[in-house]
Each structure stands twice: as C-alpha cells, then as structure tokens.
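A short write-up of the structure that comes next.
The values are calculated or read from the model by the stated rules, or taken from the named source; none is laboratory data. The structure presented is a predicted model; accordingly, all values stated were derived computationally and were not measured. No Cβ is skipped: glycine too gets one built from the backbone with ideal geometry, and neighbour counts run over all protein chains shown. The protein model used for the area step is the full one, side chains on, heavy atoms only, and it has no ligands, DNA or RNA in it. Shrake-Rupley method; radii C 1.70, N 1.55, O 1.52, S 1.80 Å.
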Amino acid sequence: MSQGEAGAPAAELSAVLERITYANEETGYTIARVAVERSGAELLTVVGPLLGAQVGESLRLRGRWTSHPRYGRQFEVWSYTTVLPATVQGIRRYLGSGLIKGIGPKMAERIVDHFGTGTLEVIEQEPGRLVEVPGLGPKRTKMIAAAWEEQKVIKEVMIFLQGVGVSTSIAVRIFKQYGDTSISVVRGQPYRLADEVWGIGFKTADTIAQAVGIPHDSPERVKAGLRYTLSQAADDGHCYLPAPNLVADAVKILEVPAELATRCLQELAGEEEGVVGEQVPAGDNTVPAVYLPPFHRAELSLAGGLLSLLHSGHDRLKAFADVDWERAERWLAAQTGAELAPEQRQAVRLALTCKVAVLTGGPGCGKSFTVRSIVTLARARRAKVILAAPTGRAAKRLSELTGHEATTVHRLLQLRPGGEATFDRDNPLDADLVVVDEASMLDLLLANKLLKAVAPGTHLLLVGDVDQLPSVGAGEVLKDLLAAADVPRVRLTQIFRQAQESGVVTNAHRVNTGHHPILAGMRDFFLFPCEEPEEIAAMTVDVVARRIPSRFGLDARREVQVLAPMHRGAAGAGALNIALQEALTPAREGMPERRYGGRVFRVGDKVTQLRNNYDKGAAGVFNGTVGIVTGIRPDDHSLTVRTDEDEEVDYAFDELDELAHAYAVSIHRSQGSEYPAVVIPLATSAWMMLQRNLLYTAITRAKKLVVIVGSRRALAQAVRTRGAGRRHTSLTHRLERR
C-alpha cells in the first residue's frame, strides 16, 4: 500500500477519459476530466498517475475521494486499468479516439451505427464483416483487424507490467522492442531493458528486477549497475572512469558493499562486451581506466586512423607541395575581393599541405572566410572537395558560405540501421579534401566513423571553436587534437573591424575572457533584468512572441530561438516550451492535435528529434534535428514534420516519444546551429549550470541579436565561472605514442 493510501478508504470509479488538463511526463502525475454515467453531463476531476491513458478510453480507477480547498471534490487515483465500453456512445467515443489505426471519429460513427452494441464483438470475432460498413474496403478492414489484435497483446503486456510498477508509456516501448516475448524478457532478464530499450535506464530496469524477485546483491544486478554508471559517465562526456571513481559511484547507486562491486568489476573485465581496463596517463601518474568496449575501440581506432592519415606517404593534394603561394594568394584575392590576414594565410597553406589540420578561433576572426579560401583554391586545382558538419543547420550554413554543397556527417557516411556506415575503410569517400565545420560537436564515436571513411592521402580539415561547449556525446575530440603536439593547427585571434562593431561578437569575446558583457549603447545585445524564475519566464515569452517581432521584424518561431541553461524549473526549457507554445501555436477549434504523455503536438509546432533513428527519412533522422509539424492525421495515427533539411518525415503516434518541442532548447542542444536572434533566460535557480563556456556558446549561436532575460547576479556568476574540468579521455596520449 502506498503512503497516499494509508488510512484512506479505497474506492473504485468507472469513467470515460474526456480531457487531460495537465500531465507531467517525468512523474506521470496527471490532472484529467472524466465522464461518469451517474453524473449526467457534468465532468469530474481525477488526479494521479494516469500517464499512458488515452482520451476516449474507458477506465476503472482505484483510489479515494478527496476535497481540494480550491477545486472541490475530486478523485485521487492510485492505479487504473482500461476496460472496453458497453454503451453505443462509449463504443463510438472509444473507437473514434484514435486508439485503433484506420478508425477516426467519422468512421467510428459509421461502424457503430451499423453494428450498435455488438461493434467490439464483430471487430474481435468477425472482422471481415466490417466491409458491410459504407466506405470500408478489404484493405482497411485488414488494417483495423491487425491494429485491434496488436492492442489486445499490448493490453496483456500492460496488465503484467503495471503489476510490477511500469508506466503505460514504458510498457509500449518494451512491447515495440520484444513483441510477444516481452513478458518473458521482463521476468527473466530485466536488466536487458536498460541496454536495449530507448528511454529505459538502469533505475527503471532495477525497479522491475526487484518486483520480479532479483536479489539486491545479485552479481547480475551489480554488473548491470557498474555498466550503467559507465554509461552515465559517457552521457556526461567521459570516455572512461578511473576504477576507484567507478566503484565509488556505483556503490552509491546500488547501495552494496564496495568489496562486492570491486569483485563484480573484475568479473566484468573478463567477460565479452563487459568492460575494458587499461592504465592511462593522468598528469605525472597513471590511473586504472575502465571503458565500455565501444568507447575503448573507438578511441584506439580514431588515434590510429589520425596517425596513419597524418603520416601517409600518399598525397591527393600534392599539387600544393611546391605551389607559388604569393601568386596563388594574389589570384585568390582577385576571386574573393579581400586579402587574407597572416593567420589566415598560414591556415590556408596548412590545410592544403598537411593531411590533418585543425582551424580554431572565436566569432569574427574569419574562420568562414578562411574555409571559403581553402575550398576556392582546392577547386581551382580540380580537387574533389567534400564539405560536412554535424548538424543540418551547420551544413546549410557551410554550403552558403562556400557556394558548394555541404551535408551532415551522418548523411555523408550514409549511416544504416544500427549505426553502421556505408562508407568505411573498405569503401572510403572519394575525396581529395574533407572539410568538417563545427568540429567541437564531434564526439568520439562519430569522429571515429568519419576517420574510417577518409582514404589514405586525403586531406582532413577540422574547423571549430574550441572554447564552445564540447560535444554532447562522449569525448572532446577537438580539444584533444589541439593538445596533441604533432597535429598541425592554427588559432585565429584577430577580430576584424566589421566584427568589432557587433555587440554579439564583442561580448562573446568578453565573456570568453571572463569580462562582463557591455550592455549600454548596444543595438544588438540587450539585458532585461528579472529576478524570480516565473518573472523571467513571462518576460522571455513576451520578448519572443511580441517584442522581437515588433521591433526587428523577425518571425518568432523560425528566426528566434530560446536557449536555456537547464531543462527543469520555471525558467527552464521544459516550462518555457509549454508557455511559448500557448503564445505562438495555441489550440484552435477544428484543428487536430495529438497528446503524448505531457506534450501536445499541433500543426505549426517547432519540434526536435531526441535520438538517432536510422530508419526514418531517406537516410535517418538524428538527435538534434529541428523541424516544424506540418500535418496531423488522426485516422492514420501519424503526423508529419518538415525538418531543417527540407525533408518531410512521418511519425506514427506511438513514436512521438522521439519528439520534443523546440521553441526553447538547452544550450547543449543548440550546438552547431545559428539563429538570427537568441534569447537566453538566466535564473539563479540554475546556479550549478551557470558557466562561462555555456554562456559563450549561447551568445555565439546568434547572427544578429542576443537578448538576455534574467538576473544580473546570474549573469555575473556565468561570466566568472570557468566551467567543468576536463573530461576523462585518452586520445591526446594515444596520438603522442611513438
């Protein structure tokens, strides 16, 4: 019995879910309105864990009656099950709710008008009779019958999983992964869920494992916890953890003795696909590093690939080995209309004569013009040049500045389902020069895939701002390359006169060096002082929806981006997305919308992809891809998103856990993107996240305008706080091995 049930008389309520007023996706807490036959037309309020229940479903609710001081009598839900409706009205509403693919509200009405209270019996036992209904042919009838059968199996899985404390939305994911074997996997190998089902972490798998009887000190549990601790470290950017740190962190999570964790770690190191241990340098000493196998393999492979490329005897740009550089630069100035600065000249020569080179520098220092110059010279010698960037927006910008086609790294490599690349060592890219922009975003795994596809003799130029946030994924490849003595590099430091006139550029450099931004007299950099998170949120919405469009003529959805330090809190990206959606894409009578968990999707919504999905679109849709919802089709159980790469991508309603609203995104998720205007809410409640490289990254995402909304104290904290220390990586060490 839960704490909420203690001392309270239990009650049951049968009702039809009419409307969800509020749903918290993380906790499952829901406020909803339900229809109960005896209450007539009046709707009742129910509150509690209802995540996964769909509008139109008939529910049997278990809980208690309570009285809220403001909202009056309501039913507090402890648990629920879905039941099939028995009345004509209930059946019509149930079928028309969008639960069964192929049946929308109008078709539901026709089916129920024809079969009456026997409708569900017909679909269950004689689905072929559905062709009797006008407008229903054999093809659609088969689709409805198949969808009904799938719902039945899902319901069986749901009932079992609810019995072991799993929410409905998680149960759907488990069913999609394992199908009819779901129950046997959950009973026998619950920790597989953490590795194999997206959205299920160790903690959820552990809860299920305990419910099905796995002992607290089981070696299976401890090993799963150690792997989970390493995967959490990878999510924080680390390629490995020192063994003492790993054991200490795992012990806190697992609440088991350190001796048991140490013994299980030793066993894991001897298992295939367990963990890999290795002594690696750390300052003047070495540490016992523990890797998950994919990260160990990738780090070794990337270092080996870079060294092989750097020292390759073959050179696909050998024409530049003895070029008359002064003459080439005069020709280039005639082509571009501008002369290269000394640092830029050095970078151009380096990229065209060294097989691996790194170009770094802050905004306004001419990275883009330098890249354009390199590409222009290479193409003048008929070199095959490939341009790429980690995100669609960055690739589009690279294409615009060079005048040549650019693509994302994922599409360049043609990643297939499972993440394997079409282009690799056995099938390398046909290129003389590969240029990758926004290279600070390259994580270890993606950088390794890229290097495998670069043929011997090809030149690789990595371009990026090393002072920005490192990659979302594990590693800090750009920083590690710059720390390796033998990797050729140029850092651009001169800020050009035109850029000096920009408040965005000026203040980006000030923040990066630990100085407070200049706020007075700037035409493109503003601070709206607010203290409380709720006040900051309200002002942010007003700035985005009204002030910027009114003064600067920018489109609030397509040209203005809110970048928040945190997801949680009143001024975090989560709450701001809800408020901005209400301001920019409110509910409209007659317009379809679809609720999934705590989110409601509407036509016109700005959304972002939350994970790599290699099965979507022409060549996969990747974490961070942004788009606009262009259509919602309740009858077809799907919606369409036009991505920032101008591709139409369809999502089934049960795939909407892959999408989140993107009116506001975390600063980490904005990497590689550039927006006309950026709005940055800064609240002292985000104190631990207020760091210099975070603020610097947010400012450098803006092309024309930056507006900071928030506390002067929070701004000062962000400017003076250097940020997190180095990640645990060993790429630099591997590049310096002889």
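Could you grab the pairs with beta carbons closer than 9 Å, sequence gap of 6+ or different chains, first residue in the stretch 73-88 and closer than 13 Å to LEU17 by Cα and of a type in the set (D, E, K, R), second one in a helix (DSSP H, G or I) and open to solvent by 40 Å² or more (accessible area, probe 1.4 Å)?
Taking only residues 6 or more apart or on different chains, not a single pair turns up.
Name the residue that is nearest to ARG393 (Cα to Cα), counting only residues in the stretch 607-627 that are polar (S, T, N, Q) and part of a loop (DSSP other than H, G, I, E, B).
Filtering the stretch 607-627 for residues polar (S, T, N, Q) gives 608-609, 612-613, 623, 625.
Those left that are additionally part of a loop (DSSP other than H, G, I, E, B): 612, 623, 625.
Numbers: ASN612: 16, ASN623: 13, THR625: 9 Å.
So the residue we want is THR625.
Just name the residue that is farthest from LYS384 (Cα to Cα) out of those in the stretch 406-440 that are modelled with pLDDT of 90 or more and assigned to a helix (DSSP H, G or I).
SER440
Looking for something modelled with pLDDT of 90 or more, part of a helix (DSSP H, G or I), farther than 13 Å from TYR240 by Cα and open to solvent by 20 Å² or more (accessible area, probe 1.4 Å) - is there at least one such residue anywhere in the stretch 275-294?
No.
Given the stretch 29-139, what helices (runs of 4 or more DSSP H) lie entirely inside it while holding 3 or more residues that are under 39 Å from the mean Cα position of the chain (by Cα)? If you could, list the steps in order and put the result at the bottom.
Values: elements: 88-95, 105-115, 119-125.
Qualifying helices (runs of 4 or more DSSP H): 88-95, 105-115.
For the stretch 310-337, enumerate the residues that are under 27 Å from GLY362 (Cα atoms), surrounded by fewer than 14 Cβ atoms within 10 Å (Cβ to Cβ) and within 43 Å of the chain's Cα centre (by Cα).
Passing the criteria: ALA333, GLN335, THR336, GLY337.
Can you say whether GLN210 is more than 30 Å from SER184 (Cβ to Cβ), surrounded by fewer than 19 Cβ atoms within 10 Å (Cβ to Cβ) and of a type outside the set (Gly, Ala, Ser), as far as the supplied structure shows?
So GLN210 fails the test.
Have a look at VAL133, VAL112, VAL153, VAL122 and point out the one that is closer than 20 Å to LYS176 by Cα and of a type in the set (Val, Ile, Thr).
Numbers: VAL133 fails: closer than 20 Å to LYS176 by Cα; VAL112 fails: closer than 20 Å to LYS176 by Cα; VAL122 fails: closer than 20 Å to LYS176 by Cα.
From the options VAL133, VAL112, VAL153, VAL122, the qualifying one is VAL153.
Would you point out which residue out of GLY473, GLY503 is at pLDDT below 90, in contact with a Phe, Trp or Tyr (Cβ under 6 Å, 6 or more places away or on another chain) and open to solvent by less than 40 Å² (accessible area, probe 1.4 Å)? Please lay out each step first, then the result.
Details: GLY473 fails: in contact with a Phe, Trp or Tyr (Cβ under 6 Å, 6 or more places away or on another chain).
Selected residue: GLY503, the only one of GLY473, GLY503 that is at pLDDT below 90, in contact with a Phe, Trp or Tyr (Cβ under 6 Å, 6 or more places away or on another chain) and open to solvent by less than 40 Å² (accessible area, probe 1.4 Å).
Quick one: VAL287 ticks every box in (1) without any contact (Cβ under 8 Å) to a residue 40 or more places away in the chain; (2) more than 27 Å from the chain's Cα centre (by Cα) except a single one, so which number is it?
Among (1) without any contact (Cβ under 8 Å) to a residue 40 or more places away in the chain; (2) more than 27 Å from the chain's Cα centre (by Cα), VAL287 violates only (1).
Please tell me if GLU149 is modelled with pLDDT of 85 or more, open to solvent by 60 Å² or more (accessible area, probe 1.4 Å) and among the acidic types (Asp, Glu). If you could, list the steps in order and put the result at the bottom.
Values: modelled with pLDDT of 85 or more: no; open to solvent by 60 Å² or more (accessible area, probe 1.4 Å): yes; among the acidic types (Asp, Glu): yes.
In short, no.
In the stretch 517-538, how many are assigned to a strand (DSSP E or B) and open to solvent by 70 Å² or more (accessible area, probe 1.4 Å)? Give the derivation first.
Just the residues of the stretch 517-538 that are assigned to a strand (DSSP E or B), to begin with: 525-529.
Filter once more, keeping what is open to solvent by 70 Å² or more (accessible area, probe 1.4 Å): 529.
Final tally of qualifying residues: 1.
Being part of a helix (DSSP H, G or I) and farther than 27 Å from VAL511 by Cβ is the filter here, so list the residues in the stretch 347-371 that pass it.
Step one: of the stretch 347-371, the residues part of a helix (DSSP H, G or I) are 347-353, 367-371.
VAL348, ARG349, LEU350, ALA351, LEU352, THR353 - these are the residues of the stretch 347-371 that are part of a helix (DSSP H, G or I) and farther than 27 Å from VAL511 by Cβ.
Regarding ASP480, is this residue modelled with pLDDT under 90 and either on the phi < 0 side of the Ramachandran plot or among the polar types (S, T, N, Q) (or both)?
Values: modelled with pLDDT under 90: no; either on the phi < 0 side of the Ramachandran plot or among the polar types (S, T, N, Q) (or both): yes.
Here the answer is no, as ASP480 does not meet what is asked.
Go through the residues of the stretch 73-85 one by one and say whether even a single one is surrounded by fewer than 17 Cβ atoms within 10 Å (Cβ to Cβ), over 26 Å from LYS152 (Cβ atoms) and at pLDDT 80 or above. Outline the logic, then answer.
The initial filter retains those residues of the stretch 73-85 that are surrounded by fewer than 17 Cβ atoms within 10 Å (Cβ to Cβ), namely 73, 79, 81, 83-84.
Filter once more, keeping what is over 26 Å from LYS152 (Cβ atoms): 73.
With at pLDDT 80 or above added as a condition, the list becomes 73.
Within the stretch 73-85 (the criterion being surrounded by fewer than 17 Cβ atoms within 10 Å (Cβ to Cβ), over 26 Å from LYS152 (Cβ atoms) and at pLDDT 80 or above), the answer is yes, since at least one residue qualifies.
Which numbered condition trips up ALA171, out of (1) open to solvent by 20 Å² or more (accessible area, probe 1.4 Å); (2) modelled with pLDDT under 80?
(1)
I'd like the full set of residues that are part of a loop (DSSP other than H, G, I, E, B) and farther than 20 Å from ARG263 by Cα, limited to the stretch 191-229.
Quick first cut of the stretch 191-229, residues part of a loop (DSSP other than H, G, I, E, B) only: 191, 197-201, 212-218.
Once the filter is applied, which keeps residues that are part of a loop (DSSP other than H, G, I, E, B) and farther than 20 Å from ARG263 by Cα, the stretch 191-229 yields VAL197, TRP198, GLY199, ILE200, GLY201, VAL212, GLY213.
Report yes if some residue within the stretch 297-305 is assigned to a helix (DSSP H, G or I), among the hydroxyl-bearing types (Ser, Thr, Tyr), under 35 Å from the mean Cα position of the chain (by Cα) and crowded, with 16+ Cβ neighbours inside 10 Å; otherwise report no. Spell out the reasoning first.
Going residue by residue through the stretch 297-305, those that are assigned to a helix (DSSP H, G or I) are 297-305.
Remaining after also requiring among the hydroxyl-bearing types (Ser, Thr, Tyr): 301.
Now narrow it down to the ones that are under 35 Å from the mean Cα position of the chain (by Cα): 301.
Cutting the leftovers down to crowded, with 16+ Cβ neighbours inside 10 Å gives us 301.
Scanning the stretch 297-305 turns up at least one residue that is assigned to a helix (DSSP H, G or I), among the hydroxyl-bearing types (Ser, Thr, Tyr), under 35 Å from the mean Cα position of the chain (by Cα) and crowded, with 16+ Cβ neighbours inside 10 Å.
Determine the pairs where a residue that is under 25 Å from ALA587 (Cα atoms) and open to solvent by less than 10 Å² (accessible area, probe 1.4 Å), located within the stretch 601-628, has a partner that is among the hydroxyl-bearing types (Ser, Thr, Tyr) and in a strand (DSSP E or B) with Cβ atoms under 7 Å apart, the partner being 6 or more residues away or on another chain.
GLY627/THR643
Taking THR630, is it farther than 13 Å from GLU658 by Cα, of a type in the set (Ser, Thr, Tyr), part of a strand (DSSP E or B) and at pLDDT 90 or above?
Spelling it out, THR630 is indeed farther than 13 Å from GLU658 by Cα, of a type in the set (Ser, Thr, Tyr), part of a strand (DSSP E or B) and at pLDDT 90 or above.
Scanning the stretch 590-603 for residues that are of a type outside the set (Lys, Arg), closer than 17 Å to ARG633 by Cα and out of contact with any helix residue (DSSP H, G or I) (no Cβ under 8 Å at 6 or more places or on another chain), which turns out modelled with the highest pLDDT?
In the first step, residues of the stretch 590-603 are kept if they are of a type outside the set (Lys, Arg); the result is 590-593, 596-598, 600-601, 603.
Cutting the leftovers down to closer than 17 Å to ARG633 by Cα gives us 590-593, 596, 600-601, 603.
The next check asks that each one be out of contact with any helix residue (DSSP H, G or I) (no Cβ under 8 Å at 6 or more places or on another chain); those that pass are 590-593, 603.
On the way: GLY590: 81, MET591: 86, PRO592: 87, GLU593: 87, VAL603: 93.
Among residues in the stretch 590-603 that are of a type outside the set (Lys, Arg), closer than 17 Å to ARG633 by Cα and out of contact with any helix residue (DSSP H, G or I) (no Cβ under 8 Å at 6 or more places or on another chain), the one modelled with the highest pLDDT is VAL603.
Out of curiosity, is PRO363 of a type outside the set (S, T, N, Q) and surrounded by fewer than 19 Cβ atoms within 10 Å (Cβ to Cβ)?
Numbers: of a type outside the set (S, T, N, Q): yes; surrounded by fewer than 19 Cβ atoms within 10 Å (Cβ to Cβ): no.
Here the answer is no, as PRO363 does not meet what is asked.
Go through (1) assigned to a helix (DSSP H, G or I); (2) open to solvent by 30 Å² or more (accessible area, probe 1.4 Å) one by one and return the number of the condition VAL541 breaks.
Evaluating VAL541 over (1) assigned to a helix (DSSP H, G or I); (2) open to solvent by 30 Å² or more (accessible area, probe 1.4 Å) leaves (2) as the failure.
I'm trying to understand the selection: among the residues of the stretch 408-451, which are buried (at least 20 other Cβ atoms within 10 Å of the Cβ) and hydroxyl-bearing (Ser, Thr, Tyr)?
THR408, SER440, listed by residue number.
Give me the residue from the stretch 476-500 that is part of a helix (DSSP H, G or I) and open to solvent by 30 Å² or more (accessible area, probe 1.4 Å) and, out of that set, nearest to ALA447 (Cα to Cα). Give the steps one after another, and end with the answer.
Our first condition is that a residue be part of a helix (DSSP H, G or I); within the stretch 476-500, this holds for 477-483, 497-500.
Filter once more, keeping what is open to solvent by 30 Å² or more (accessible area, probe 1.4 Å): 479, 482-483, 497-498, 500.
Details: LYS479: 13, LEU482: 15, ALA483: 17, ARG497: 35, GLN498: 34, GLN500: 34 Å.
Only one residue tops the list, namely LYS479.
Does GLY597 fit the bill of being open to solvent by less than 30 Å² (accessible area, probe 1.4 Å), of a type outside the set (D, E, K, R) and in contact (Cβ under 8 Å) with a residue 24 or more places away in the chain? Give the derivation first.
Numbers: open to solvent by less than 30 Å² (accessible area, probe 1.4 Å): yes; of a type outside the set (D, E, K, R): yes; in contact (Cβ under 8 Å) with a residue 24 or more places away in the chain: yes.
Yes, satisfied.
Within the bounds of the stretch 96-106, is there any residue that is open to solvent by 30 Å² or more (accessible area, probe 1.4 Å), among the β-branched types (Val, Ile, Thr) and at pLDDT below 80?
no
Give the residue that is farthest from LEU415 (Cα to Cα), with candidates limited to residues of the stretch 452-465 that are open to solvent by less than 20 Å² (accessible area, probe 1.4 Å) and outside any strand (DSSP E or B). Steps first, please.
The first filter runs over the stretch 452-465 and keeps only residues open to solvent by less than 20 Å² (accessible area, probe 1.4 Å), leaving 453-455, 457-465.
From what's left, outside any strand (DSSP E or B): 453-455, 457-458, 465.
Details: ALA453: 12, VAL454: 15, ALA455: 18, GLY457: 23, THR458: 21, ASP465: 26 Å.
Per the criteria, the residue is ASP465.
Count, please, the residues in the stretch 480-497 that happen to be in contact (Cβ under 8 Å) with a residue 40 or more places away in the chain and out of contact with any strand residue (DSSP E or B) (no Cβ under 8 Å at 6 or more places or on another chain). It would help to see each step written out before you state the result.
The first filter runs over the stretch 480-497 and keeps only residues in contact (Cβ under 8 Å) with a residue 40 or more places away in the chain, leaving 480-496.
If we keep only those that are out of contact with any strand residue (DSSP E or B) (no Cβ under 8 Å at 6 or more places or on another chain) as well, we get 480, 483-486, 494-496.
So the answer is 8.
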